[in-house]
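Scroll down for the structure; my scribbles are underneath it.
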Amino acid sequence: MTTRPQPQPGILEIEAYVGGRASAEGTGKVYKLSANESPMGPSPHARKAFASAGESLELYPDGGASELREAIAGRYGLNAERIVCGSGSGELLQLLAQAYLGEGNEAIATEHGFLLYPIVTKAAGAAPVIVKEKNLHADVDAILAAVTPKTKIVFLANPNNPTGSYLPAEEVRRLHAGLRPDILFIIDAAYSEYVSRNDYEAGIELVATSENVVMTRTFSKIYGLAALRLGWMYAPAHVVDVVNRIRGPFNVSVPALQAGIAAIRDTAHVDAARTHNDKWLSWLTEEISKLGLEVPSSVANFLLIRFPSEKGKTARDADAFLMKRGLILRSVASYGLPDCLRLTVGSEEANRLVVAALAEFLGKAKKS
């Protein structure tokens, strides 16, 4: 007999998710480039909608998020009945794991995939199976080879965080075709709005034509609403029914609902955010590469920087050097990338400061 309540098996094996730092002590102005937040902020219409929601805080939100689901459906040409909204896409991933995983089951994710996948898997009592990537890209053949009779979910972040890589639509379809119909294929498309490649698809078409595919999306990135925790998923009707049976009845707040509706309707703001990202992602990749650092190709709003193993020049050394200058990047050692830092595309001022600071760190700064 135990002397206190005990958690379910596997819970204490979970390493809690730790986000990037948000502050740097002993510096002046701080540039937070560690969380993939939008330097453009939210749409002015979303700000206004958020403020107006304060006039009725005594009222419960619409438990079905009907107006927001209709707005999303209108934007992408979807059936609103097949959309579920949540407190960030993270809540939806957790609900899907809770619904479709249990003891004795397995869920597959790639080695540098989002850390939340193994967390929600273990929380549901199942075992995460981590598959090696190929050159920082998900390897379809390796994923399919890892499938066993115990496999119930396959997670694919596309684009992937923190690598910035993506799988072309043809490869995603090949992966799906190789899975049993009873395996739930979850495409996490949190960064899809930033991708401008002709061979990329967020997953909408695959969901529309399949019974075992779910696509999750977020308002935290290009829409600039990270503080409000708002996400959505598009799924087959039978999956929507299951998730709606276990989600909280008022899981999305009124301010988040109203801001989300305004944000998704302001396509001009999204276009401006994408244009800013296209310009500065390319510029940062080129300028940092010129310094002799490896910068893998990225299609998202961040990039990975690989540092040498030479003492004084490592990722940890660079992180400490940048922190002293108020430049906060994301250590990704927990993602199995101890020699890398992840840099969010920021404002023009922040982007130029990072490049200048890296040049100074590497002893390549231009002398005045």
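Figures for the structure shown
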{"item": "Å² of accessible area per residue within the chain, as computed with a 1.4 Å probe and no ligands counted", "result": "47"}
{"item": "Contour excess over end-to-end distance, with Cα ends at N135 and R75 and 0.36 nm allotted per residue", "result": "18.1 nm"}
{"item": "Accessible carbon and sulfur surface of the chain relative to its total accessible area, %, 1.4 Å", "result": "52"}
{"item": "Listed peptides 3-15, 53-65 by packing density, highest first (mean Cβ within 10 Å)", "result": "53-65, 3-15"}
{"item": "Surface/4 of the Cα convex hull for the chain, nm²", "result": "21.7"}
{"item": "Candidates L225, L179, L257, ranked by Gaussian network fluctuation over the chain, Cα under 10 Å, top entry", "result": "L179"}
{"item": "Within the chain, longest stretch clear of exposed chymotrypsin sites (Phe, Trp or Tyr not before Pro) (DSSP loop, no more than 13 other Cβ within 10 Å)", "result": "18-249"}
{"item": "Calculated P(r) tail over 22 Å for region 105-247, as whole % of Cα pairs", "result": "35"}
{"item": "Within region 242-350, GluC sites (Glu not before Pro) in DSSP loop having at most 12 other beta-carbon neighbours inside 10 Å", "result": "E310"}
{"item": "Ellipticity estimate at 222 nm from DSSP helix runs (n ≥ 4, -39,500 (n - 2.57)) divided over the chain, nearest 500", "result": "-11000 deg cm²/dmol"}
{"item": "Efficiency of FRET between E170 and K364 - r from beta-carbon atoms, R0 45 angstrom, step 0.05", "result": "0.65"}
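The values are calculated or read from the model by the stated rules, or taken from the named source; none is laboratory data. Small disclaimer: the values here were computed from a predicted structure and weren't measured. Here Cβ is always computed from backbone atoms with ideal geometry, including for glycine, and neighbour counts include all displayed protein chains. When the accessible area is computed, the model is the full protein with side chains, heavy atoms only, and any ligands, DNA or RNA have been set aside. Shrake-Rupley method; radii C 1.70, N 1.55, O 1.52, S 1.80 Å.
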